[in-house]
1. Answer yes or no: is there a residue in region 161-174 that is touching a residue at least 12 places away in the same chain (Cβ under 8 Å), touching a Phe, Trp or Tyr at 6+ places or on another chain (Cβ under 7 Å) and part of a helix (DSSP H, G or I).
2. For region 103-120, give me the residue count where each residue is touching a helix residue (DSSP H, G or I) at 6+ places or on another chain (Cβ under 8 Å) and either free of Cβ contacts under 8 Å to residues at least 24 places away in the same chain or over 22 Å from D47 (Cβ atoms) (or both).
3. Count, please, the residues in region 63-81 that happen to be part of a helix (DSSP H, G or I) and touching a strand residue (DSSP E or B) at 6+ places or on another chain (Cβ under 9 Å).
4. When the residues of region 190-208 are filtered to those that are among the aliphatic types (A, V, I, L, M) and within 16 Å of A134 (Cα to Cα), which remaining residue is surrounded by the fewest Cβ atoms within 10 Å (Cβ to Cβ)?
5. Within region 61-79, track down each residue that is closer than 24 Å to V152 by Cα and surrounded by 16 or more Cβ atoms within 10 Å (Cβ to Cβ).
6. Here's a check for you: in region 212-236, which residue that is β-branched (V, I, T) and touching a helix residue (DSSP H, G or I) at 6+ places or on another chain (Cβ under 8 Å) is surrounded by the most Cβ atoms within 10 Å (Cβ to Cβ)?
7. For region 91-108, indicate whether the set of residues that are surrounded by fewer than 19 Cβ atoms within 10 Å (Cβ to Cβ) and assigned to a helix (DSSP H, G or I) is non-empty.
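The values are calculated or read from the model by the stated rules, or taken from the named source; none is laboratory data. Please read all numbers here as calculations on a predicted model, not as lab measurements. Neighbour counts run over all protein chains shown; Cβ positions are idealised from the backbone, glycine included.
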Amino acid sequence: MARLCVNIDHVATVRQARRTYEPSPIAAAHEAMAGGAHGITVHLREDRRHIQDADVAALADAFPGLLNFEMAATDEMVATAIRIRPIMAMLVPEGRHEVTTEGGLDVIAQEPRVREVIARLQAGGVRTSIFIDAIPAQIAAAHRCGAAVCEVHTGPWAHAVHDHGDDCRSQAALAELDKVRLAGEMVQSLGMQFNAGHALNFLNVGPIAALPSLNELHIGHSIVSSAVFLGIRAAVQRMRSCIDIAAPAVH
């Protein structure tokens, strides 16, 4: 069954609303692991809107071998990744004016730069993933650049489910699910690891979790949102349950 890595960025979003010291992302990460998470994900943005440099350093110390570091393909972030040695660095697109990541990295448009960044990360002992749309040409470009992992963007699937009455079996939703499935098959055929994430919640995660040979799911916002009512540990436990129930459907 797919592993669950919990993104705790939005715990820091709440903290930064007051520029104070609570709630603690470190405490949230401990609770997520107690709830059954297999790893912790954070995105250190250029504008430091939520996770801060001190958070990343503390998490790397507290969770060796468990931290997934999302990053833009900048020299600053490459240096940070090599310094903290996360289990994986994931290249993502980043814009100051976006509310959240709006799509996969356009690898084709910046292939020489992505190839250079991945080579530098590999030389520094850091395994690299790319957050990517379910587009064959982009997956092929990620492979040419040397990515070990592709995380397929599930936002279009999640939005199709929501826009059609939360129906995972609507024609529009099934069309998006098929795109993710085919992307995952291509990722694997090229020898890369197939991960998935973005906008997944308790309702829509099951069909994604049931995809063959999916390795990891990276989920954050919906877990943190649910934690307002349930607590982090219980929210992670519930998400793990949704994933685990879906997994046998592939057999």
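1. Yes: region 161-174 contains one or more residues that are touching a residue at least 12 places away in the same chain (Cβ under 8 Å), touching a Phe, Trp or Tyr at 6+ places or on another chain (Cβ under 7 Å) and part of a helix (DSSP H, G or I).
2. The total comes to 6.
3. Of the residues in that region, 4 qualify.
4. L190
5. L66, L67, N68, F69, E70, M71, A72, A73, M77, V78
6. Step by step, filter region 212-236, then rank; the result is I219.
7. Yes: region 91-108 contains one or more residues that are surrounded by fewer than 19 Cβ atoms within 10 Å (Cβ to Cβ) and assigned to a helix (DSSP H, G or I).
Listed here are the residues, each with its yes/no results for (1) surrounded by 24 or more Cβ atoms within 10 Å (Cβ to Cβ); (2) within 17 Å of the chain's Cα centre (by Cα).
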residue: I130; (1), (2): yes, yes
residue: A160; (1), (2): no, no
residue: D163; (1), (2): no, no
residue: V180; (1), (2): no, yes
residue: M186; (1), (2): no, no
